[in-house]
Amino acid sequence: MKVRLFFATDVHGSEVCWRKFINSAKHYDADVLILGGDMTGKAVVPIVDLGSGRYRYSMQDQRHELQSAEELAGHKRLIRDHGYYPVVMTEDGVRECSQDESKLEASSKGRASTP
């Protein structure tokens, strides 16, 4: 009996890479998929809720100003596709998390359920 394996590694939390990995079974006619390591994302990206549907965040030395919930949803997807975890919070929340790492961990627990 022959078994075709597909092995990948270093997705670093990127949802794009994860989707490609999952789809590789069909594409390469693989019987077994193995994801080797470095699976978690690189960092949390705080998105500051400025109120009135406006948001701001910085990623990879670029500042982003968003003007709607629709823009927010698109940018959250972009952030996840880069292997980061988007977390929407207030300016005070960002300040608190930067001073207390345990608060950052607690605030990021619900990140997977955010749209």
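The values are calculated or read from the model by the stated rules, or taken from the named source; none is laboratory data. Just so you know, these numbers come straight off a predicted model, no measurement behind them. Virtual Cβ from ideal backbone geometry, glycine too; neighbours counted across all protein chains shown. Remember, those area values only see protein heavy atoms, side chains included, never the ligands or the DNA or RNA. Shrake-Rupley method; radii C 1.70, N 1.55, O 1.52, S 1.80 Å.
Of all residues in segment 53-88, exactly one satisfies the criterion of being within 11 Å of the chain's Cα centre (by Cα), surrounded by fewer than 18 Cβ atoms within 10 Å (Cβ to Cβ) and of a type in the set (A, V, I, L, M), namely LEU78. One residue stands out among those in segment 1-47 that are of a type in the set (Val, Ile, Thr) and part of a loop (DSSP other than H, G, I, E, B): the one that is most open to solvent (accessible area, probe 1.4 Å), which is THR40. Here LEU50 clears all of (1) part of a helix (DSSP H, G or I); (2) hydrophobic (A, V, I, L, M, F, W, C); (3) at pLDDT 95 or above; (4) open to solvent by 30 Å² or more (accessible area, probe 1.4 Å) except the condition numbered (1). Within segment 3-20, being out of contact with any strand residue (DSSP E or B) (no Cβ under 8 Å at 6 or more places or on another chain) and small (Gly, Ala, Ser) holds for one residue alone: SER14. The residues in segment 21-63 that are hydrophobic (A, V, I, L, M, F, W, C) and touching a helix residue (DSSP H, G or I) at 6+ places or on another chain (Cβ under 9 Å) can be counted, and the count is 11. Residue pairs whose Cβ atoms lie under 6 Å apart, separated by 6 or more positions or on different chains, with the first residue in segment 5-19 and acidic (Asp, Glu) and the second part of a helix (DSSP H, G or I), are GLU15/ARG80; GLU15/ASP81.
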